[in-house]
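What follows is calculated from the coordinates using simple rules that are stated; it is not laboratory data. Here the structure is a predicted model, which is why all the values come from computation and not from measurement. Cβ coordinates were reconstructed from backbone atoms using ideal geometry, including for glycine residues, and neighbour counts include every protein chain displayed.
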Amino acid sequence: MADADDILNARRAELETVDQAVMGEVVGVAQAIGDLRNALDALDGHLDDRKFERAAALGYQDIASAFIFLQRTLGGLQSAEHIRHEFISSIAEQLQCPHEDAEPLVAARLQCLKPRQALNGKELAASKARLQQRLGEMRG
């Protein structure tokens, strides 16, 4: 059996591509969830204000649009997960072992599978500042 570390190190670029694909799709799903929440909050507000016509219209506009966006992002996440499992299978083939044996070796190197850490206020502010700086750099 080939050495797993050697194989994973040799395929580091592919591993990073898989990792970034999954994380990118998770960001899209999170954005879609936020959009749907906002649309549902607006619906709730219209119902509370007894603006039933506006509430009904939201169902055919903002809510439907947000739900379709969520479905599409979930489809993207499903595709990214499929790619992740294809990568694991290819590693298993190289290692000449079952997929189930290769999966924890790959998972240990994927950032997208690590639990999200809760940020305190200072860390969150620093993270937002870094994001704004990078966005500014990208805009040129």
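Key figures
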{"item": "Top positive-direction residue, dipole computed over segment 85-140 with Cβ charges, set VAL106, ALA125, GLN94", "result": "ALA125"}
{"item": "Summed residue charge, Cβ within 14 Å of GLU93's Cβ, Lys/Arg positive, Asp/Glu negative", "result": "-4"}
{"item": "Ellipsoid semi-axes in whole angstrom, largest first, where each is sqrt(5λ) of the Cα gyration tensor of segment 4-139", "result": "39, 21, 12"}
{"item": "Summed side-chain charge close to ASN9 - residues other than ASN9 whose Cβ falls under 15 Å, Lys, Arg +1, Asp, Glu -1", "result": "-3"}
{"item": "GNM top mover of ARG116, ARG54, ARG130 - the chain, alpha-carbon springs below 10 Å", "result": "ARG130"}
{"item": "For HIS85, HIS46, order by how many other beta-carbon atoms lie within 10 Å, fewest first", "result": "HIS85, HIS46"}
{"item": "Cross-link reach list, aspartates and glutamates versus LYS51, counting only Cα pairs under 16 Å and skipping chain neighbours closer than eight places", "result": "ASP41, ASP62"}
{"item": "Most fluctuating residue given options ALA21, ALA32, ALA64, as computed from a GNM of the chain linking Cα atoms under 10 Å", "result": "ALA64"}
{"item": "Taking segment 4-139 and dividing mean pair separation by its residue count, relative contact order in percent (alpha carbons under 8 Å, at least six apart)", "result": "31"}
{"item": "Among VAL18, TYR60, LEU43 the positive-end extreme of the charge dipole of the chain (Cβ point charges)", "result": "LEU43"}
